[in-house]
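Read through the structure below, which is laid out as structure tokens, and then see the notes.
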Amino acid sequence: MARKLVEWTVFVDAEDEVKDTFYEQLQTVVKNVHKHDIVIVTGDMNAKVGANNKGNERIMGKHGTGIMNSNGKRLVEFCRMNDLIITGTIFPHKDLDKNTWTSRDKRTTNQIDRTLVKCKYYSSIKNTRVMRGAHVASDHQLVRSQVKLKLRRHLYKTKTNPRTKYDTCKLQNQTIKSKFIMGLKNKFALLEAIPEDIDIEWKWKIFDKAFNQTAKEVLGVKKKNQKLWIGLDSWGKVEEKKHLKIKIENAKSIRIKQQMQIEYKTKDRDVKSNIRSDKCKWVENLGNDAERAAKNGQMKILYEIAKTICNEKLHQAS
């Protein structure tokens, strides 16, 4: 079993007693983990360990950044006591892809967010780097570690002909809906030329193909874990925010970065506001559909609506 411990450490200028208490508590948690479990410690450590790993070769690599600070020394000692390795220092990347925090004035960057893993499982970590494309509206960057574990194989029965799920939510947009209807009409017009005495099974295959081709061309395949209530306008704003984030990362001038950061925060608020509005409309529409289904005695439809709402609440809770 893999045990992931997420924590936030104390500030660099905190009192030594506060730092000692924090690491004592963290040590207690790590010590109580079963010896056969895979321990991964991750979080904002406020710890700079630098690039010089002399004497600490087992704990860290040569690809850290900055100069070791007091929190960095405590982190190294903690790793030595628990046989942990600092994964962010063992993979060669540009500093841009290693530094996890940026100051508000965009002038200072540091590598202070860490992912630690038992040295025993060092070979399971394939990469640790900053994901600059993730727009999280924070002074910290998203850090991703790729872990490859060998687990016991479990055989599942696979479907021979899995059903393709199309993104039917796009039909809420009138333009796309009209395009979909027109595409079906064009394909069905071709079906009129088929002789009437043709086998019914063959007709069904042609009919099915027409629907699938039109759905694939106009709607596209539904993405996994896509939020059902988010409208196309909101997705468009998400893309705008994403492109602006890339521009900020690639900008050379500090002044331009600061200006675009203000615009980014505005877009971030707009995206969140739009998504909240979309969800309210989605829930309201589901409620109306449920009320209509209850009046008509359509219990199956009512059950499916209730299941959709309950599943969404479970995903939010998790």
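The values are calculated or read from the model by the stated rules, or taken from the named source; none is laboratory data. Small disclaimer: the values here were computed from a predicted structure and weren't measured. Counting neighbours? That spans all protein chains shown, and the Cβs are built from the backbone with ideal geometry, glycine included.
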Lone qualifier among I85, I67, I112, I125 - being on the phi < 0 side of the Ramachandran plot and in contact with a Cys (Cβ under 6 Å, 6 or more places away or on another chain) = I85
query = How about the range 293-309: which of its residues are surrounded by fewer than 13 Cβ atoms within 10 Å (Cβ to Cβ) and among the charged types (D, E, K, R)?
reply = K295, K300, K307
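This table checks each residue for (1) surrounded by 17 or more Cβ atoms within 10 Å (Cβ to Cβ); (2) at pLDDT 90 or above.
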site: M60; (1), (2): yes, yes
site: M68; (1), (2): yes, yes
site: H93; (1), (2): no, yes
site: K98; (1), (2): yes, yes
site: D105; (1), (2): no, no
site: T108; (1), (2): no, no
site: R114; (1), (2): yes, yes
ask   = So which residues in the range 80-118 are in contact with a helix residue (DSSP H, G or I) (Cβ under 9 Å, 6 or more places away or on another chain) and in a helix (DSSP H, G or I), if there are any at all?
value = M81, N82, T87, L96
inquiry  = Return the residues of the range 228-266 that are without any contact (Cβ under 8 Å) to a residue 24 or more places away in the chain and not in a helix (DSSP H, G or I); say none if nothing qualifies.
reply    = A251, K252, S253
remark   = Taking the range 26-49 and keeping only residues that are within 19 Å of M60 (Cβ to Cβ) and part of a loop (DSSP other than H, G, I, E, B), one is left with M45, N46, A47, K48, V49
inquiry  = Can you pull out every residue in the range 278-294 that is of a type outside the set (A, V, I, L, M, F, W, C) and touching a residue at least 40 places away in the same chain (Cβ under 8 Å)?
reply    = D278, K279, K281
key: Some residue of the range 179-186 being surrounded by 13 or more Cβ atoms within 10 Å (Cβ to Cβ), in contact with a Gly (Cβ under 6 Å, 6 or more places away or on another chain) and at pLDDT 85 or above   = no
message = I'd like to know if the range 201-220 contains one or more residues that are closer than 30 Å to T102 by Cβ, part of a loop (DSSP other than H, G, I, E, B) and at pLDDT 80 or above.
response = no
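Yes or no, residue by residue, for (1) exposed (fewer than 13 other Cβ atoms within 10 Å of the Cβ); (2) of a type outside the set (F, W, Y); (3) over 28 Å from K177 (Cβ atoms):
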| residue | (1), (2), (3) |
| --- | --- |
| I206 | no, yes, no |
| A210 | no, yes, no |
| K216 | yes, yes, no |
| V221 | yes, yes, no |
| W229 | no, no, no |
| V238 | no, yes, no |
| K241 | no, yes, no |
| A251 | no, yes, yes |
| R255 | yes, yes, yes |
